1. Within segment 253-282, can you find the residues that are in contact with an Asp or Glu (Cβ under 8 Å, 6 or more places away or on another chain), under 19 Å from G104 (Cβ atoms) and surrounded by fewer than 21 Cβ atoms within 10 Å (Cβ to Cβ)?
2. Could you list all residues from segment 217-248 that are within 32 Å of the chain's Cα centre (by Cα), modelled with pLDDT of 95 or more and open to solvent by 30 Å² or more (accessible area, probe 1.4 Å)?
3. So which of G279, G273 ends up being under 26 Å from the mean Cα position of the chain (by Cα) and at positive phi?
4. Within segment 129-160, track down each residue that is within 30 Å of E197 (Cβ to Cβ) and either touching a Lys or Arg at 6+ places or on another chain (Cβ under 9 Å) or free of Cβ contacts under 8 Å to residues at least 24 places away in the same chain (or both).
5. Starting from segment 180-203, keep only residues that are farther than 13 Å from I329 by Cα and of a type in the set (A, V, I, L, M, F, W, C), then list their pairs with residues that are open to solvent by less than 30 Å² (accessible area, probe 1.4 Å) and assigned to a helix (DSSP H, G or I) whose Cβ atoms are within a distance under 6 Å, requiring at least 6 positions of separation or different chains.
6. Mind listing whichever residues of segment 283-300 are surrounded by fewer than 13 Cβ atoms within 10 Å (Cβ to Cβ) and among the β-branched types (V, I, T)?
7. So, in segment 207-252, how many residues would count as being touching a strand residue (DSSP E or B) at 6+ places or on another chain (Cβ under 6 Å), closer than 25 Å to D109 by Cα and among the polar types (S, T, N, Q)?
8. Go through segment 97-112 and give me each residue that's at pLDDT below 65 and among the aliphatic types (A, V, I, L, M).
Amino acid sequence: MTTMRMNDIGPKELRIPGAVVLERPLYRFDGQPAQRSFVADLFDASGVGASPNRPSDDDAARYLTPFLANDLAAMFANVTTANVASLNPPVRSQIPATLLPEFGRPLWDAVTNGQLESAMTVTVPRVTAASGMAKNHAEGVEPTDGAFTVTAADSATPKPVSGEVTLNRELIDFAAPALTDQIVFALMQAAWAEVVEARIRALLDGLTVTTVGLVGTNTALDDDWQDLLIPLQDTRGGRALTSLVLAGELYGPSRRAKDGTTGRRIYRVSPGGVLDIDGIAGTAAWALSTANGGTGRSYLFNPASVHAQEMVQRFRLDTFAVAEVKLAIWGFSAEWCTQPADVRRLTYAAA
């Protein structure tokens, strides 16, 4: 009979003579030796940096695939912001959208605007007269040809706009998520808008058009507005003059105009400071005011007859220098008028 003792139950330690060899980890991230380089395998598996005739390394991919799937997360499971605090400089708070520069483009918004397809000269016809373009039709009778006159085609040559700002690379790298480069470029876009607004103003000021003078304040000024707008109701195509942009010289007196009897404001002010002048929205255009380099003239026109187009490109030049990043803006704008007869130039005098 065999007697079983307690120490016969359970696993027994197996002793093997000789040294035990421990295999190095496949990848390590603590500076100690490993079997392979994680970064080198990433490059080799993707083919990044390889010569054009060298394909990606299939062996590197075979090593990486199971590691990325099973071991990488565990490798970094204990990495916390506290553990690597010395590697993380203080992060600036997120810049609210309200702090980004805003800019208005009243003249651009008032005209027919769009994108330039290229920097080539834009050729546009100018129609100076048209008649008999449509009539009552008589059954079985071909209509009589209409007649129209087109002057020598106008040419609108796109003009370049450019700007550049240099920022230290540390400012760009440290600024996230404050996005310093986006704030700077927004400022460049605002400056771009000012250039284009001034070019549209120059186009309007250079046209040979009908000029109407408005004089006085309050009800006297309103009388002049009525003398301008009422005849348009009885003018062929007159109601097409729907874009009204006002220099500060005319906008201020019109907004302050009061009825002499009740002291009530004559013109209603819509959100954004837009004046309702007999159903036509009058927008203040800062580029027209003398204080901003304009001539103080205002304009009422058909937006289908006045055009502006632009082509804007942004360059971020950060590959040519280590110490700095260059932000640049570059592009073209073109402005033209197809029918000056659809434009009224308005001047103002207080007395």
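The values are calculated or read from the model by the stated rules, or taken from the named source; none is laboratory data. Just so it is clear, the structure is predicted and the values come from calculations on it, not from any experiment. Glycine gets a Cβ as well: all are built from the backbone with ideal geometry, and neighbour counts include every protein chain shown. Just the protein is used for accessible areas: all its heavy atoms, side chains included, with ligands, DNA and RNA removed. Shrake-Rupley method; radii C 1.70, N 1.55, O 1.52, S 1.80 Å.
1. V269, S270
2. Initial filter on segment 217-248 (within 32 Å of the chain's Cα centre (by Cα)): 240-248.
From what's left, modelled with pLDDT of 95 or more: 243-248.
Selection gives G248 alone.
3. Numbers: G279 fails: under 26 Å from the mean Cα position of the chain (by Cα).
One residue alone meets the criteria, G273.
4. Kept after step one, since they are within 30 Å of E197 (Cβ to Cβ), are these residues of segment 129-160: 150-160.
V150, T151, A152, A153, D154, K159 - these are the residues of segment 129-160 that are within 30 Å of E197 (Cβ to Cβ) and either touching a Lys or Arg at 6+ places or on another chain (Cβ under 9 Å) or free of Cβ contacts under 8 Å to residues at least 24 places away in the same chain (or both).
5. Sorted first by the residue in segment 180-203, then by its partner, the pairs are A198/A287; I200/L107.
6. Answer for segment 283-300, where residues must be surrounded by fewer than 13 Cβ atoms within 10 Å (Cβ to Cβ) and among the β-branched types (V, I, T): just T290.
7. Total meeting the criteria: 3.
8. Taking segment 97-112 as the starting set, the residues that turn out to be at pLDDT below 65 are 97-101.
Hits for segment 97-112 are A97, L99, L100.
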